[in-house]
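Here the structure comes first, spelled out in structure tokens, and everything after it is commentary.
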Amino acid sequence: MKLRFLWQQTQQIAGLIYATIRYNDKLPDKDTYVGSVEYSPPFSGKWVVANGGVDVETSHSWDIYPQRYA
């Protein structure tokens, strides 16, 4: 394993621990979360977010599996 990937995994684990402590085991739910930021795109009319989402219906990459590194 390369050192860079070990560092990334360490950061990921630290973030999970921080979120658990910060939210006291009550993580935000995607169905009930209300954001505090109002986004304004640099154009008027309708807009769509592509290539992203928190569930299978709104994301393009749920069927992509990580590749093994040599």
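The values are calculated or read from the model by the stated rules, or taken from the named source; none is laboratory data. This is a predicted model, so every value here is computed, not measured. Glycine also receives a Cβ, built like all others from the backbone with ideal geometry; neighbour counts cover every protein chain displayed. Each accessible area value is taken on the protein alone, full model and side chains, heavy atoms only, with ligands, DNA and RNA left out. Shrake-Rupley method; radii C 1.70, N 1.55, O 1.52, S 1.80 Å.
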- [ ] Being open to solvent by less than 100 Å² (accessible area, probe 1.4 Å), of a type in the set (A, V, I, L, M, F, W, C) and under 24 Å from Val56 (Cα atoms) is the filter here, so list the residues in the stretch 17-35 that pass it.
- [x] Ala19
- [ ] Scan (1) at negative phi; (2) at pLDDT below 75; (3) exposed (fewer than 10 other Cβ atoms within 10 Å of the Cβ) for the single condition Glu38 breaks and write down its number.
- [x] (2)
Task: Residue list for the stretch 1-16, filter: touching a residue at least 12 places away in the same chain (Cβ under 8 Å) and open to solvent by less than 100 Å² (accessible area, probe 1.4 Å) - done: Phe5
TODO: Taking the residues in the stretch 14-43 that are in a loop (DSSP other than H, G, I, E, B) and among the basic types (Lys, Arg) as candidates, determine which candidate is nearest to Asp55 (Cα to Cα).
DONE: Lys30
Task: Members of the stretch 12-31 found to be more than 16 Å from the chain's Cα centre (by Cα) and either at pLDDT below 80 or among the charged types (D, E, K, R) (or both), listed by number - done: Arg22, Asp25, Lys26
